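Rule-based calculations on the coordinates, nothing more; no lab input. Not measured: the values here are computed from a predicted model. Because the Cβ atoms are built from the backbone with ideal geometry, glycine has one as well, and the counts that use them run over all protein chains shown.
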Amino acid sequence: MKLGLLAEKTGSTIELGSNDIEITSTAGLDIAGPADITFLANPKYTPQIAGTKAGAIFINEGVAIDRNDIAVLRTKDAHVSYTLAMRLFFPEPALKPFVHPSAIIDPTATVANDVEIHANAVVGANCIVASGVRIMPNVTLYDGVSIGEGTTIHSGVSIRENCEIGRNCTVHNNSTIGCDGFGYAKTEDKQWLKIPQTGRVVLEDDVEIGANTAIDSASVGETRIKRGAKIDNLVQIGHSCTVDEDALICSQTGLAGSSHIGKRVILTGQCGIAGHLKIGDDAVLTAKSATSHDIEPGAIMSGVPAFANSDWLRSIAAFRKLGEMAHRLRKLEKQILGSEPPA
């Protein structure tokens, strides 16, 4: 692709270099070659610009580059422009409609003509599979499942009864959508009595679910993942939770039942959310944080239990000095009590 066309399609402007430079791929600063375009978004990688062999580079507005032998594309967000370039050079493969002979499709299911259904997939009774859907090998759709247009379900995924998957979603390998919520009542003789989980899970449009993630059905009603939410690998979403639009939930995070995660919330790796809590819009929990109380919109929280990130950073700085502080305190005690002369 010519550099001029690439700039047009990525919302960038050529500052240095010819429109006719041919770019064939994308690559990181350290491995890019003369036909690749790369990018700089994180300042810590700035030293790598001196040695990169890339033919072109996306650079944020206002960032200087001390080279004139590499084409420069200026952009508001180099990472976004680079991502758009990657999508141009590595598009999703075109749909090839077919149904593998080993797939089992219940006669009551409604399946569009232009779908891919691969080997050993199972489509249960009264399912709806819309146009442009890809169902990869060994996927199981229980009865009453609905899959929206353009969605891809990767191998090993199980989608339980009556769950609904929206348009242009992706569910990665071995995830389970709609497994039973973890609900039990304790009887008089102190045994656990399973509460029937009669609800379902709804994924709205443009949702992506990572590998080996579990999203539980509600005991009544539904667990809902709203439009544009992105959920990483190895995440647990408890029953009756709501994850609002464009939220980002990273690996090994767990949400207890009836949690509400607001719009554009970021839960980084290994966060824990207790049940029946509300995390306000645009809040961030840093890695390994956990909360047992509601979080205000826009707050940045850290620690266990989570508190304001700025306070947490000061606390951690003090914590690292506790050994030294304890030593000084003992020395002061001895001086005050007269058992040790002052230094």
Distance from the range 186-256 to the range 107-148 (C-alpha centre basis), Å: 22
Stretch gain in nm, segment ASP77-VAL220, where the contour uses 0.36 nm per residue and the Cα spacing is subtracted: 47.1 nm
Spin-label pair GLU188/ASN173, simplified geometry with 7 Å Cα→Cβ offset, distance in nm: 5.2
Backbone HN-Hα couplings from phi across the range 109-122 [Karplus 6.51/-1.76/1.60, Hz, Gly and Pro as x]: 6, 10, 10, 4, 6, 9, 10, 10, 10, 8, 4, 6, 6, 10
Fully extended contour minus Cα-Cα distance, from ALA125 to LEU5, at 0.36 nm per residue: 38.4 nm
Where a label projected 7 Å from the Cα of ASN19 along Cα→Cβ would reach, residues of the range 51-92 with amide N under 19 Å: 56-57, 71-75
Top of SER302, SER25, SER217 by mean-square fluctuation, Gaussian network on the chain, Cα under 10 Å: SER25
Per-pair calculated FRET efficiency, R0 = 30 Å: ASP311 and ILE336 via Cβ, rounded to 0.05: 0.45
Contact order normalised by residue count of the range 263-343, Cα under 8 Å, 6+ apart, percent: 19
The range 146-196: GluC sites (Glu not before Pro) in DSSP coil with no more than 12 other Cβ atoms inside 10 Å: GLU188
Karplus 3J(HN,Hα) series, Hz, for the range 182-196 with 6.51 cos²θ - 1.76 cosθ + 1.60 (x for Gly, Pro): 8, x, 9, 10, 8, 7, 4, 8, 6, 9, 8, 10, 5, 8, x
Cα-centre dipole for the range 98-310 with unit charges at Cβ (Lys and Arg positive, Asp and Glu negative), debye to 20: 420
Structure-derived log10 I(q)/I(0) by the Debye sum over Cα atoms at q = 0.07, 0.11, 0.13, 0.16 Å⁻¹: which label, when the choices are (1) -0.36, -0.80, -1.01, -1.28; (2) -0.26, -0.67, -0.98, -1.62; (3) -0.45, -0.91, -1.08, -1.22: (3)
J(HN,Hα) series, the range 247-255, from Karplus relation 6.51 cos²θ - 1.76 cosθ + 1.60, nearest Hz, glycine and proline x: 5, 10, 10, 8, 4, 6, 7, x, 10
Inter-label distance, nm, simple model (7 Å from Cα along the C-beta direction), GLU296/LYS53: 5.4
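Give me the dipole magnitude in Debye, nearest 20, for the range 90-167 about the Cα centre, with unit charges on the beta carbon: positive for Lys and Arg, negative for Asp and Glu.
So the dipole magnitude of the range 90-167 works out to roughly 140 debye.
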